[in-house]
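Reading through the structure tokens given below for one structure.
The values are calculated or read from the model by the stated rules, or taken from the named source; none is laboratory data. Because the structure is a prediction, the values reported are computed rather than measured. All Cβ positions, even for glycine, are placed from backbone atoms using ideal geometry, and neighbour counts span all protein chains on display. Remember, those area values only see protein heavy atoms, side chains included, never the ligands or the DNA or RNA. Shrake-Rupley method; radii C 1.70, N 1.55, O 1.52, S 1.80 Å.
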Amino acid sequence: MLKQEINELLTRTGPGTEMGDLFRQYWIPALLAEELPEPGSPPVRVKLLSERLIAFRDSAGNYGLIDEFCAHRGASLWFGNNEPQETGQAPGLRCAYHGWKYDTTGQCIEVPSEPDNSTFCRKVKLTSYPMVKVGDVLWAYMGDPGRQPPLPEYEFCTVPSEQTYTSKRWQECNWLQALEGGIDSSHVSWLHNAGLKNDPLFKGSKGNEYNLNDMRPFFEVVESDGGLLVGVRRNAEEGHYYWRITPWVMPAFTMVPPRADHPVHGHFWVPIDDENCWVFTFDYLPVRALTEAEVAAMKAGHGVHNEYEPGGTYRPLQNRDNDYLMDRGAQRRGETFSGIRGIAMQDASLQESMGPIVDRSKERLVSADSGIIKARRKLVTAAVELRDKGITPPGVDPAHHRVRSVATVLPQDESFVEACREDLVATPGVRQTTV
């Protein structure tokens, strides 16, 4: 059970809110790089932390993330013309209504109705945020320019491009209930049991047997510099435990423990507004390229990815409007535990079923929820300390990003923290620790 005022603090991320201010301390995923593939690409609507923005890439290749609405009469710049650089004229986004033109910093650089000698446009500047490409992702920093941190160093976006793949999906619920699913390992043995046996990006791992044979996992959650390490223990061979260790880096990065030689995967859970979030999902390998078959499986919606509705909205093909294409027959036959196809949408369907913002004052938590409990406490503490004392929260420092998830079998008397200390660090050229 969570007090309603704490639930409000955790779930509201718009301008001026405690959690919104916390998110604004970090570089957060804004777009996939494929959405602005080349200089002069059409502008893209972006909503982050309840702010409506436009992303564009000018003809010189510079990225811009600016207020969606023209300063003149408030028309959306999505309709604008991304004009190329010409002799005597800088590149920029020109409003379709009256021709006001803006550069990637949000500075108005031309008001056609004004006299040639007018300096009016110098006084007009839209809100803008830095946006940079790191790996497959365009990252935005929406906070105080004086506190802008170094760029992200998560391993999935620093390995060579042939070793990584990133997708995103629109999820129709608050960011926190989506994140909480990412650090909850106890549901895997139930909700995803068919995927452990059949999904091409999961099957064949010895660890799957441990997951399916022990339905009562024991949780041990420990502090890390950037957030938490959620250790989940299941019985293995005599005298041994199977450990799955999930790093959570504040505020919204989770990394799923690996299975056999399959790619390592994880998520960023980024608030669109208080009732929707973007789920950026990655797969990568530290020491080899992804195979054509692996990438094809990801694009087909296997593993932790999904299929899409047509139209480029990144809304899943399976969604609440079609009951996630639930198949009761498949559920009765045991082909899927919930009747929903695909690991990503099995999670999303149940998280969205809670409503846009779940009422946590009614929940009844158990020991398997210890990771969720500690994550909430850490978020609240960080938000309050930022508000009251200006303390930089965990996870801002790029050193906190260089983590790995781990799957391993250890003697029962060994501490996973001590035994896996080196395995939990992302070391270039070193294979992931997996079972």
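Let's see how each residue does on (1) free of Cβ contacts under 8 Å to residues at least 24 places away in the same chain; (2) open to solvent by less than 30 Å² (accessible area, probe 1.4 Å); (3) not in a helix (DSSP H, G or I):
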residue: 349; (1), (2), (3): no, yes, no
residue: 361; (1), (2), (3): no, no, no
residue: 375; (1), (2), (3): no, yes, no
residue: 394; (1), (2), (3): no, no, yes
residue: 399; (1), (2), (3): no, no, no
residue: 409; (1), (2), (3): no, no, yes
residue: 432; (1), (2), (3): no, yes, yes
- Query: Filter the range 70-113 for residues that are open to solvent by less than 40 Å² (accessible area, probe 1.4 Å) and of a type in the set (Phe, Trp, Tyr); which is farthest from the chain's Cα centre (by Cα)?
  - Reply: 100
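Table: residues versus (1) in contact with a strand residue (DSSP E or B) (Cβ under 7 Å, 6 or more places away or on another chain); (2) open to solvent by less than 30 Å² (accessible area, probe 1.4 Å); (3) assigned to a loop (DSSP other than H, G, I, E, B); (4) within 20 Å of residue 281 (Cα to Cα).
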{"residue": "168", "(1), (2), (3), (4)": "yes, yes, no, yes"}
{"residue": "201", "(1), (2), (3), (4)": "no, yes, yes, yes"}
{"residue": "204", "(1), (2), (3), (4)": "no, no, yes, no"}
{"residue": "212", "(1), (2), (3), (4)": "no, no, no, no"}
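On the basis of being surrounded by fewer than 19 Cβ atoms within 10 Å (Cβ to Cβ) and either among the acidic types (Asp, Glu) or touching a residue at least 24 places away in the same chain (Cβ under 8 Å) (or both), does residue 15 make the cut?
Working: surrounded by fewer than 19 Cβ atoms within 10 Å (Cβ to Cβ): yes; either among the acidic types (Asp, Glu) or touching a residue at least 24 places away in the same chain (Cβ under 8 Å) (or both): yes.
Yes.
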- Item | In the range 125-146, the residues that are surrounded by fewer than 18 Cβ atoms within 10 Å (Cβ to Cβ), touching a Gly at 6+ places or on another chain (Cβ under 9 Å) and not in a strand (DSSP E or B) | 127
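Here is a yes/no grid of residues against (1) assigned to a loop (DSSP other than H, G, I, E, B); (2) out of contact with any Cys (no Cβ under 6 Å at 6 or more places or on another chain); (3) within 26 Å of residue 47 (Cβ to Cβ); (4) at pLDDT 95 or above:
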{"position": "254", "(1), (2), (3), (4)": "no, yes, yes, yes"}
{"position": "259", "(1), (2), (3), (4)": "yes, yes, no, yes"}
{"position": "262", "(1), (2), (3), (4)": "yes, yes, no, yes"}
{"position": "269", "(1), (2), (3), (4)": "no, no, yes, yes"}
{"position": "280", "(1), (2), (3), (4)": "no, yes, yes, yes"}
{"position": "290", "(1), (2), (3), (4)": "yes, yes, no, yes"}
{"position": "313", "(1), (2), (3), (4)": "yes, yes, yes, no"}
{"position": "335", "(1), (2), (3), (4)": "yes, yes, no, no"}
- Across (1) open to solvent by less than 20 Å² (accessible area, probe 1.4 Å); (2) more than 17 Å from residue 277 (Cβ to Cβ); (3) in contact with a Lys or Arg (Cβ under 8 Å, 6 or more places away or on another chain), residue 306 clears everything bar (2)
